[in-house]
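K.L.:
First the structure, then my questions, so here it is.
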Amino acid sequence: MIRLTGIERVFRVGDEAVHALRGVDLLIEQGEYLSIMGPSGSGKSTLLNILGLLDRPDAGRYELNGHDVTGLADDELARVRREAIGFVFQFFHLVPRLTAAQNIELPMVLAGIDPAERRRRLDKLLGEYGLEARAGHRPDQLSGGQCQRVAIARAMSMGPTLILADEPTGNLDRHTGQEVMAVLERVHREGGTVAVVTHDPEIGARAQRRIRLVDGEIAGDASA
Amino acid sequence: MRFADLLAFAWQVLGGYRTRTALILLAMGIGVAAVVAVSAIGEGARLYVVNQFGSLGTNLIIVLPGRSETAGAMPGVLMGKTPRDLSIDDALALKRSPSILRIAPLIVGAGDVRVGSRIRETPVLGTTAEFIRVRQMAMAQGLFLPEGDPRHGQPVCVIGAKVASELFGARQALGEWLRIGDRRFRIVGVLAKQGQSLGFNTDEIVVVPLSAAQALFNTEALFRVMVEAKSREQIPDAKADIEEILRQRHEGERDVTAITQDAVLATFDRILRALTLAVGGIAAISLAVAGILVMNVMLIAVTQRRKEIGLLKAIGATGAQIRAAFFTEAVMLALGGAACGLVVGKLGQLAIGQAFPDIPFTAPWWAVIAAPLTAIVTSVLFTVVPAKRAAMLDPVMALSKR
């Protein structure tokens, strides 16, 4: 469960203060599937970064799974990200010199999980995301859809409760995009909370709960 | 993060940027190799000099006329004529000391040595029978100068191996007569080949009895007296005795210098060691340069791998883990470079060893330890800033879409 109360985020651009988020209150239940939409500059990426603990709000309170994470130190935030949050990016952000399997393994390596256990989870993930044949390939040998599947498998490797996807289909053709969304939706069906930031109304419409941001404020919160 | 995984991760980075890795290894390798090779040359020179002194004989004290306050200089040579000469009687009087085993007075000059129509100018040494034992030389043929009163020598001589071959060719030299100036000497022995010893080639000398040399060069004064103490422990006693005996004989004036081999050796040893350290230090500058190169490359890496670092943070890497990754990379580079450098330095040392087989080139132990250590320490130090910068990187900025 996620509870945001009165979240503010202000960026300084020169002398000017830009309010990316103004007093955002949001409650997300475990297992929800929501899309965050809005025009450019409406603060949707900032909101996602705050949800993902990559960015800190200037004011307000953030509770994740019942714990206040607003004031945590950097290293504690890193630990929470590692244990509880999975990221999927528009540009995949795979490490180019590592194979698909090594990329998927990376969060487990950082967490210090022992190699036998890593191997076990890796085999399971490769199977689930249909990547067995591609495990030894590097990202430049993979298609965009395969890259994003690797990225999703990587996000899932630590068994997070929250998956955050920033324009996950932004760099894919329509068909591959649909496929990737299907993969994310499967994560949701298995009990994960999934939040997708997107420009694409068609993608946004697939979510049960649609949040619309305008000028850093929640302008719409509709459930299908 | 497990240590093995950290190593594997750094290894993947090094393998992922091969050119970069090769260049740093090269820079580090050159630095380490330079320190090893240069210090090996310095150490070789030191050992060479030390061995040269060692080949003079053991437990040796050299007595020379004139007084000098510093060991190592040669007062008789530097100051020209000295107040009082050393005489044969002075030399013989030294035998009174219980610490002295044997003595060999010495007169040195140059003479034209002729056999038939062949003439050769060689250094001529006037000394006594004990010289060969004091100097620890060996005979190839025949005997050394006969024992007996040094004031009345027989007309015999001993010649060096090269003199023998030049004057007699393949003919037997033993028993033949040769002429030095206007005097005739019968050859009773040929010295074994020994080669260079402190700039003095014993293969090229002619040794005659002391009294003959005095007559040849028309001098009573001894060039120096070589004294062998009974043991290493007795060297200081012997030295004190020499000074006391000669002081008494010279009307209470201390006008001779007794140089112990150890003192000369120690001086040269110190000087050459310092020299080796200095050139090694200069070579170590290249290691600092390599360190700066590492920093430069690491700074570039932080920029180049911004997205990767951002990603690592997003998926839960702590600042400490990012720093550890950079330091591991730097240390691996330094270790690799040091290993290459040690091998190359060793090969270089062997190569110059081949070129100059007389000189014992060996890298001193401190250089072999200090060079890789310096490489590692500089690369770690120079990685502090880049690693810190990487750890501080804001993941949102790093991952932002361009």
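K.L.:
Could you pull out every whole DSSP H run in chain B that spans at least 24 Å of Cα extent along its own axis and averages 0.0 or higher on the Kyte-Doolittle scale?
P.N.:
B:18-54, B:261-304, B:319-355, B:365-392
K.L.:
Of B:392, B:271, B:332, whose Cα points farthest to the positive end of the dipole of the protein assembly as shown (charges on the beta-carbon: +1 Lys, Arg; -1 Asp, Glu; origin at the Cα centre)?
P.N.:
B:271
K.L.:
Moving to a separate point now. Just the ratio, please: alpha-carbon radius of gyration of the range B:84-254 over 2.2 N^0.38 Å, N its number of residues.
P.N.:
Computed over Cα atoms of the range B:84-254, the ratio equals 1.07.
K.L.:
Name the residue, out of B:379, B:117, B:39, whose mean-square fluctuation peaks in a Gaussian network model built on chain B with Cα pairs under 10 Å.
P.N.:
Greatest mean-square fluctuation among the candidates belongs to B:117.
K.L.:
Moving to a separate point now. Using a/c under 1.5 as the rounded threshold, could you call the range B:206-333 rounded, prolate or oblate? The axes a ≥ b ≥ c are square roots of the C-alpha gyration tensor eigenvalues, and prolate needs a/b larger than b/c, oblate otherwise.
P.N.:
prolate
K.L.:
Using amide H atoms built 1.01 Å from N in the peptide plane, name the residues 5+ places from residue B:257, or on other chains, whose amide H lies under 5 Å from its own.
P.N.:
B:64, B:66
K.L.:
Sorting A:91, B:168 on the 10 Å Cβ count, fewest up front, what's the list?
P.N.:
Ranked by crowding around the Cβ, least crowded first: A:91, B:168.
K.L.:
Please report the equivalent ellipsoid semi-axes of the range B:99-166, computed as sqrt(5 x eigenvalue) of the Cα gyration tensor, largest first, in whole Å.
P.N.:
Values for the range B:99-166, descending: 24, 14, 12 Å.
K.L.:
Of the options A:218, A:172, B:110, report the single residue whose Cα projects farthest towards the positive end of the charge dipole of the protein assembly as shown (beta-carbon charges: Lys, Arg +1; Asp, Glu -1).
P.N.:
Ranked along the dipole, the leading option is B:110.
K.L.:
So what is the relative contact order for chain B, in percent, with contacts set as C-alpha pairs under 8 Å and at least six apart?
P.N.:
30 percent
K.L.:
Put a dot 7 Å past each Cα toward the Cβ at residue B:231 and residue B:87; how far apart are the dots in nm?
P.N.:
So the label points at residue B:87 and residue B:231 sit 3.6 nm apart.
K.L.:
Continuing with the same structure: At 7 Å along the Cα-to-beta-carbon direction for both residue B:120 and residue B:377, put a label point, then send me their distance in nm to one decimal.
P.N.:
In this crude label model, residue B:120 to residue B:377 measures out at 5.5 nm.
K.L.:
Let me ask something else. If you take the alpha carbon radius of gyration of the range A:2-223 and divide it by 2.2 N^0.38 Å, what ratio comes out, to two decimals?
P.N.:
For the range A:2-223, the normalised Cα radius of gyration comes out at 1.01.
K.L.:
Now for a separate question. What list of ³J(HN,Hα) values in whole Hz, one per residue of the range B:143-151 in order, does the Karplus curve 6.51 cos²θ - 1.76 cosθ + 1.60 (θ = phi - 60°) give from phi, with Gly and Pro shown as x?
P.N.:
Residue by residue, the range B:143-151 yields 10, 7, 4, x, 5, x, 5, x, 7 Hz.
K.L.:
Treating the beta-carbon of each Lys and Arg as +1 and of each Asp and Glu as -1, no other charges, what is the dipole magnitude of the range A:2-223 about its Cα centre, to the nearest 20 debye?
P.N.:
600 debye
K.L.:
Calculate, for residue B:394 and residue B:278, the FRET efficiency according to 1/(1 + (r/R0)^6) with r their C-beta to C-beta distance and R0 35 Å; round to the nearest 0.05.
P.N.:
0.15
K.L.:
Taking θ as phi - 60°, what are the ³J(HN,Hα) couplings along the range A:149-164 by the Karplus curve (6.51, -1.76, 1.60), each to the nearest whole Hz, with x for Gly and Pro?
P.N.:
Each residue's phi maps through the Karplus curve to give 5, 4, 4, 5, 4, 4, 4, 8, 5, 9, x, x, 8, 10, 10, 10 Hz.
K.L.:
Let me know the number of lysine pairs in the range B:84-254 closer than 24 Å at the Cα, not counting same-chain pairs under 8 apart.
P.N.:
Close lysine pairs found across the range B:84-254: 4.
K.L.:
Could you give the distance between the Cα centres of the range B:302-365 and the range A:118-155, to the whole Å?
P.N.:
Spelled out, the Cα-based centre of one part sits 34 Å from the other.
K.L.:
Something else: For the range B:208-258 and the range B:118-146, what is the centre-to-centre distance using only Cα atoms, to the nearest Å?
P.N.:
So the two Cα centres are separated by 19 Å.
K.L.:
Cut-off under 15 Å on the C-alpha distance; same-chain residues fewer than 8 positions from residue B:388 excluded. Which aspartates and glutamates are left, in chain and number order?
P.N.:
Once the sequence-local aspartates and glutamates are set aside, what remains near residue B:388 is A:74, A:75, B:329.
K.L.:
Let me know the mean shielding of B:31-43 by other chains, meaning the per-residue number of their Cβ atoms within 10 Å of its Cβ.
P.N.:
0
K.L.:
To the nearest 0.05, what FRET efficiency results for residue B:26 and residue B:240 with a Förster distance of 60 Å applied to their C-beta separation?
P.N.:
Result of the calculation: an efficiency of 0.55.
K.L.:
Pull up the cross-link candidates among the aspartates and glutamates for residue B:346, meaning alpha carbon to alpha carbon under 15 Å and not fewer than 8 places away within one chain.
P.N.:
Cross-link targets: B:43.
K.L.:
If you don't mind, another one. How large is the dipole of the range B:156-292 about the Cα centre if only Lys and Arg carry +1 and Asp and Glu carry -1, each at its Cβ, rounded to the nearest 20 debye?
P.N.:
With only Lys, Arg, Asp and Glu charged at Cβ, the dipole is about 480 debye.
K.L.:
Short version: what are the Cα gyration tensor semi-axes of the range A:106-196, square root of 5 times each eigenvalue, largest first, in whole Å?
P.N.:
21, 17, 11
K.L.:
Related question: How large is the charge dipole for the range A:137-201, taken about the Cα centre, if only the Cβ atoms of Lys, Arg (+1) and Asp, Glu (-1) carry charge, to the nearest 20 debye?
P.N.:
220 debye
K.L.:
Additional query: From the P(r) of chain B, can you give the percent of Cα pairs sitting at distances over 29 Å?
P.N.:
Distances greater than 29 Å cover 61 percent of the Cα pairs.
K.L.:
Another question about this same structure. If we count every other residue with Cβ under 13 angstrom of residue A:123's Cβ, Lys/Arg +1 and Asp/Glu -1, where does the sum land?
P.N.:
Charge balance in the 13 Å sphere: +1.
K.L.:
Considering only the protein assembly as shown, what is the antiparallel percent among its DSSP beta bridges, to the nearest 5?
P.N.:
Here the share of antiparallel DSSP bridges comes out near 70 percent.
K.L.:
Further question: Any idea what % of Cα-Cα pairs in the protein assembly as shown are farther than 43 Å?
P.N.:
Here the long-distance tail beyond 43 Å is 52 percent of all Cα pairs in the protein assembly as shown.
K.L.:
How much length is gained if the chain between residue B:2 and residue B:67 is pulled fully straight, taking 0.36 nm per residue apart and subtracting their Cα-Cα distance, in nm to one decimal?
P.N.:
Answer, rounded to one decimal: 16.2 nm.
K.L.:
Please report A:197, B:134 as a ranked list, fewest other C-beta atoms within 10 angstrom at the top and most at the bottom.
P.N.:
Fewest to most other Cβ atoms nearby, the residues stand as B:134, A:197.
K.L.:
Sticking with this structure for a sec: Could you give the Stokes-Einstein D for the range A:1-127 in µm² per second, using the C-alpha Kirkwood radius, 37 °C, 0.692 mPa s?
P.N.:
Translational diffusion coefficient: 195 µm²/s.
K.L.:
Hey, another quick one. So which aspartates and glutamates can residue A:44 reach, going by Cα to Cα under 15 Å and dropping same-chain residues fewer than 8 places off?
P.N.:
A:8, A:25, A:55, A:166, A:167, A:200, A:215, A:217, A:221
K.L.:
What order do you get for A:131, B:399 when you list them from fewest to most C-beta neighbours inside 10 Å?
P.N.:
The order, fewest Cβ neighbours first, is A:131, B:399.
K.L.:
Also: What 222 nm value per residue comes from the helices of chain B, counting each DSSP H run with n ≥ 4 as -39,500 (n - 2.57) and dividing by all residues, nearest 500 deg cm²/dmol?
P.N.:
-18000 deg cm²/dmol
K.L.:
Can you show me the helix-derived [θ] at 222 nm for chain A, built from DSSP H runs with n ≥ 4 at -39,500 (n - 2.57) apiece and divided by the number of residues, rounded to the nearest 500.
P.N.:
Value at 222 nm, helices only: -10500 deg cm²/dmol.
K.L.:
Now, a different point. Once both labels are modelled 7 Å past Cα along the beta-carbon direction, what's the residue A:173-residue B:11 spacing in nm?
P.N.:
4.0 nm
No value in this document is a laboratory result; all are computed from the given coordinates. Predicted model only: the values in this text are computed from it and were never measured. Positions of Cβ are backbone-derived with ideal geometry, glycine not excepted, and every protein chain shown enters the neighbour counts.
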